[in-house]
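Following: one structure in structure tokens, then a few remarks.
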Amino acid sequence: MGSDAKIVLGIESSCDETAVALVASDRTIIAQHIASQEKEHAPYGGVVPEIAARAHAERLAPMLEAVMDDAGMRLADVDAIAATAGPGLIGGVMVGLVSGKALAMAADKPLLAINHLEGHALSPRLADETLAFPYLLLLVSGGHCQILKVEGVGEYRRLATTIDDALGEAFDKTAKILGLGYPGGPAVEKLARGGNPKAVPLPRPLKGSKEPHFSFAGLKSAVMRAAQSGEHSSADIAASFQQAAVDCLIDRLEHALARTDAVPALVVAGGVAANQTVRSALEGLAAKHSMRFVAPPLALCTDNAAMIAWAGCERLPLGDSAPLDLKARPRWPLDPEAESVRGAGVKA
Ligand SMILES: Nc1ncnc2c1ncn2[C@@H]1O[C@H](COP(=O)(O)OP(=O)(O)OP(=O)(O)O)[C@@H](O)[C@H]1O
Ligand SMILES: [Mg+2]
């Protein structure tokens with residue numbers, strides 16, 4: 001780690017992952033811990049907000065201690081505290097944000113209130129120091145499916161969003177329909193490896209539309225009908241769903257690329273960016289348009305605190321520390337100028 005590097009402590013608690021990380025501005029991940037709440041939520045087939053908030057409250061303090069111990073550091077060695085301040089499940093966000101405020105006050109350090117989506121949007125720059133602004137970003141997660149032009153830190157222009165479900169949500173619902181349990185994305189991907197992506201005729205909602213947006217609700221209903229028909233194996237349904245989803249992503253990105261000034265890089269972030277079929281299709285699209293393709297390592301795709309600490313490293317030089325009465329935000333669009341779209345995912 002460089003001697004003039006700044007060190008940021010990051011806290012993430014917006015959904016069902018409790019996470020703490022120490023990251024330096026020279027991109028060193030000094031220490032990080034992450035605890036998933038999969039076991040707590042699995043019996044319910046999705047995240048239960050009350051259970052999530054309680055689990056964050058129980059785990060966060062010991063995790064903060066463990067991360068500082070791993071790094072052999074004290075709070076005095078840290079330059080700033082970055083905490084997710086939204087969007088997300090409000091109880092969980094409040095646990096992380098209040099903890100961040102307490103640490104910032106006790107150690108007399110600046111508090112950086114981070115938009116969780118900004119964490120995802122900037123995460124590829126943590127892994128790749130050569131990734132410069134601007135870039136075209138496909139943000140595909142459990143609550144969002146957006147195409148954004150990332151022009152700088154805090155400068156996000158939304159080109160497209162979903163008018164109903166997010167893609168991660170569609171993966172999770174497909175998993176539920178196929179009896180694969182929660183969380184669904186990785187399970188659907190695994191099952192799809194043994195299936196035929198052309199076996200089940202499924203729709204590609206909004207493919208070819210003049211509108212820029214995504215839609216996945218009709219695809220999910222078609223998966224339900226295919227499963228109920230009893231005519232197809234689960235593997236074929238999973239593979240055909242994944243292919244339909246990828247076709248939609250590529251079509252909507254082609255639409256966006258045709259209507260924006262050329263940018264050198266196509267970047268993907270968010271939980272669904274962990275999917276290998278999605279990654280290789282995007283890689284092909286980038287090559288076709290002579291763009292670089294950048295995808296963060298898998299551990300940086302799903303929720304983590306290193307991306308929150310990194311967003312803090314990016315924001316620290318801007319000097320925008322948050323007041324201690326700052327409120328947690330259940331909704332917080334990255335592009336406040338973007339017109340509201342019906343549905344727009346569960347959290348945007
Ligand atoms: N290999 C995979 N293939 C497809 N989907 C995946 C894969 N791994 C994770 N996902 C999906 O990613 C989502 C979780 O991503 P992430 O943690 O970024 O979402 P979130 O934090 O819940 O939502 P948001 O970031 O929008 O607030 C889940 O819907 C999960 O099913
Ligand atoms: Mg997320």
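No value in this document is a laboratory result; all are computed from the given coordinates. Since this is a predicted model, take the numbers as computed values, not measurements. Heads up, the Cβs are rebuilt from the backbone with ideal geometry, glycines too, and the neighbour counts pull from every protein chain shown.
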Partner lysines whose C-alpha sits under 16 Å from that of LYS6, ignoring same-chain residues fewer than 8 away, are LYS109
Which lysines have a Cα less than 29 Å from the Cα of LYS176, not counting those fewer than 8 places away in the same chain?
LYS39, LYS190, LYS198, LYS207, LYS220, LYS347
What whole-number distance in Å separates the alpha-carbon centres of region 177-196 and region 58-109?
35
Quick test of the membrane-span-like rule: which DSSP H helices of the chain reach at least 24 Å along their long axis (C-alpha atoms) with mean Kyte hydropathy at least -1.0?
49-71, 90-107, 234-259
Of ALA192, VAL67, ALA55, farthest towards positive along the dipole that unit charges on Lys, Arg, Asp, Glu beta carbons give the chain:
ALA192
Using a ≥ b ≥ c from the Cα gyration tensor of region 6-137 (square roots of the eigenvalues), is it rounded, prolate or oblate, where a/c under 1.5 gives rounded and otherwise the larger of a/b and b/c decides, a/b for prolate?
oblate
With each label point set 7 Å from Cα along the Cα-Cβ vector, what nm distance links SER233 and ALA66?
4.0
Rounded to the nearest 500 deg cm²/dmol, what is the calculated helix-only ellipticity per residue at 222 nm for the chain, with -39500 (n - 2.57) per DSSP H run of length n ≥ 4?
-13000 deg cm²/dmol
Considering only C-alpha atoms, what is the centroid distance from region 277-348 to region 115-147, in Å?
4
The local net charge around GLN276, scoring Lys/Arg +1 and Asp/Glu -1 for residues other than GLN276 whose Cβ lies under 14 Å from its Cβ, equals +1
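Treat every Asp and Glu Cβ in region 133-295 as -1 and every Lys and Arg Cβ as +1, leave all other atoms uncharged, and give the resulting dipole magnitude about the Cα centre to the nearest 20 debye.
Magnitude of the dipole: close to 140 debye.
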Longest exposed-site-free window of the chain, the sites being GluC sites (Glu not before Pro) in a DSSP loop that have at most 13 other C-beta atoms within 10 Å:
1-128
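What is the Cα convex hull volume of region 133-295 when expressed per residue in Å³?
Each residue corresponds to 100 Å³ of Cα convex hull volume.
Counting only C-alpha contacts under 8 Å and six or more residues apart, can you give the relative contact order of region 148-262 as a whole percent?
Relative contact order for region 148-262 comes out at 30 percent.
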Give me the net charge of LYS207's neighbourhood, meaning all other residues with Cβ under 12 Å from the Cβ of LYS207; Lys, Arg count +1, Asp, Glu -1.
-1
Size descriptor, Kirkwood hydrodynamic radius, that averages inverse alpha-carbon separations across region 1-40, Å:
11.2
